[in-house]
Amino acid sequence: MTSVPSSSTTASDSHSLAVPGVPKRVCATTGLSICLDAQRFIKLNAVSAVVFLLLGGIAALLLALTRWQTVHLLPTDWFYRILTFHGINMLIHWILFFEVAVLYFACTTPLNARLYSRKIAWVSFLMMLVGAVMVDYIILAGKADVLMTSYLPLVAHPLFYLGIILVAVGTLIGVFNYFATLYVAKRDGAYTGSLPLVTYGATAAAIIAVVTLLHGALVMLPTFTYSMGWTPEPDAAWYRLIWWGLGHQSQQVNVCAMVAIWYMIGNLTTGARPINEAVCRTAFVLYVVFINIASAHHLLVDPGVGATWKIWNTSYAMYLAVLASMVHGFTVPAGVEVAMREKGYTRGLFGWVTALPWKNPAFSGAALSVLIFGFIGGITGVTLGTQQINIIAHNTLRIPGHFHATVVGGTSLAFMALTYYVIPLFFQRDFIGRGWARVQPWLFAAGITMLSFGMSFAGSMGVARRSWDIDAQGIYSAAAHLWLGLVGIGGILAFTSLLIFVLLCVGTLLFGKKTENRAIFDWGTPPALAGTKEGSLANDHYATKGTIILAMVFLACFAVYYFANWKALADVWPVR
């Protein structure tokens, strides 16, 4: 770890001010001030998140071995039960618990601030935990085989909806604690200047979370009362529209948190600073304003929504949110390139790339997260958000192929990467099995890439999503079965990596060496070469030439994939 984080992790253009009377400690390596109240709830939420990650990962392995038709592991009823269990645990429980931990970190440590309320944090955590356990129990008991979307007129047991409501409200209370902490930190002068970028990104995530969770309350409360027999059945089309205000926007909370983590890990591992913080902050604003609209792409085949609304949301508003991701996709590696060139790694276009700390699992995890999210998730997402293409792809495996690249290969891998610093910083223990830790992000990235490619190409051959037996009539080609085999193999690799990650985390908490009075283990940062000085490239307009070339490669890949889909569409619906 670097000795003193830069403006991306501390208050920019300012210095932190000590706050008297706040229980805290100072990290021996970074010099960061850790609020002990926040530390407790970061630990509780992070540990809970990893537990739900393991549960969702076990379910993922079972599903992958079922979609692999040669194995076809689960019977019909358990396939849909485990599919529901997997979606809820991975997309809601694992993500939300970890994001609350990220919020508590972002509003305290970078600002040298105290957590607003320990009591509110307890209420938030206990509500989320009780709700999550309740939902998982009801699913495994066979009383909620309704998949994650739980579309009406399918009806689950009332405790399923009540559990989700508890998780959502508990998260909302945690978000309130975050905003209250920001207010108190500013009021008490815990920091001066503007919010650091990581806190700014977390704030964007928190704003989207409020809108998301209000959608959840709006749709789940009447569904719960209906399941109890107290009120009439809500309109199914209304349910789908409002539910996606919860389902899709919750994943955009992930995106904001993930991008903030990219900036922070870039700083911790290479000393990188954003090349233009104003541009980065504007991109987060684009997320807040337009990502809430982009959930429409889940409804492009829905007959209950008009074509004008669909086209406006997916062909115009969504692209402004996509622009934000493209900005971050450039500024994150550009900041790293400038930092590396300032350290003296200036040979050729990509000499700085080979000198990066690839053996540092936090850096490699974040870098692979950027690549998978951008090159696979981003390109496929924008393409599938086009109405005409979506019509032929929506109910195929291409859709989960896309969101496994964004949510798993992007967000989950970034969260895993951050954990390699979270545990030493907050649990004060060195990681065990450092060799395995260095391998884990690469293995996970390989597995998710294989799984995503397998789903995407099987879907392009017409293989349906959410289907237990895809080939009872023998209608799919041998190639489709080959891609489904890749889904199974990728799932095995990704689960193996996930299991390694969980064992490393648990083993470190139980057996890792304590670090109270010594520096935290350094995963590896590239040293500055002799004769270099910080800020030497401040006015060099060619300092990001390597990143510009990589951006051009990305745009070329996007163009090829996008127009190949239009060619495929023309083959399906030939112009006469």
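Of note:
- The order of 430, 77, going from fewest to most other C-beta atoms within 10 Å of their C-beta, is 77, 430.
- At least 18 Å along the helix axis (C-alpha) and Kyte average at least -1.0, DSSP helices within the chain: 36-67, 76-88, 118-140, 158-187, 197-227, 249-270, 277-290, 318-342, 434-460, 478-511, 545-572
- The range 32-247: relative contact order in percent, alpha carbon pairs under 8 Å with at least 6 residues between: 23 percent
- Cβ-Cβ FRET estimate between residue 349 and residue 301, R0 fixed at 30 Å, reported to 0.05: 0.10
- Within the range 287-326: backbone nitrogen closer than 15 Å to the residue 395 label point (7 Å, Cα to C-beta): 299-304
- Here the range 131-196 is treated as an ellipsoid with the same Cα gyration tensor; its semi-axes, largest first and in whole Å, are 39, 11, 8.
- Least to most buried among 96, 356, 73 (fewest other Cβ within 10 Å first): 73, 356, 96
- The Cα atoms of the range 32-247 define a convex hull whose projected area, averaged across directions, is 13.2 nm².
- Fully extending the segment from residue 230 to residue 308 would add 24.5 nm, taking 0.36 nm per residue of separation and subtracting the current Cα-Cα distance.
- The range 396-416 residues near the modelled residue 477 label - backbone nitrogen below 19 Å, point 7 Å along Cα→Cβ: 396-399
- Alpha-carbon centroids, the range 119-188 and the range 256-296: separation in whole Å: 26 Å
- Taking the chain and dividing mean pair separation by its residue count, relative contact order in percent (alpha carbons under 8 Å, at least six apart): 17 percent
- Ranked 99, 233, criterion: other C-beta atoms within 10 Å, fewest first: 233, 99
- Within the shell of other residues whose beta carbon sits under 10 angstrom from the beta carbon of residue 80, the net charge comes to 0, with Lys and Arg scored +1 and Asp and Glu -1.
- Violating pairs (Cα-Cα greater than 24 angstrom) within the set 343/545; 186/343; 43/119: 186/343
- Full-stretch length increase - residue 563, residue 281 - with 0.36 nm per residue and alpha-carbon distance subtracted: 98.3 nm
- Ellipsoid semi-axes in whole angstrom, largest first, where each is sqrt(5λ) of the Cα gyration tensor of the chain: 37, 29, 23
- Placing a pseudo-label 7 Å from each Cα along the Cα-to-Cβ vector at residue 511 and residue 26 gives an inter-label distance of 3.5 nm.
- Cα-based equivalent ellipsoid of the range 322-415: semi-axis lengths in Å, sorted from largest, via gyration tensor: 32, 14, 9
- On full extension, the segment bounded by residue 570 and residue 238 gains 116.2 nm, given 0.36 nm per residue less the C-alpha separation.
Here, each number is a calculation from the coordinates, and none is a lab measurement. Source: prediction; values computed, not measured. Heads up, the Cβs are rebuilt from the backbone with ideal geometry, glycines too, and the neighbour counts pull from every protein chain shown.
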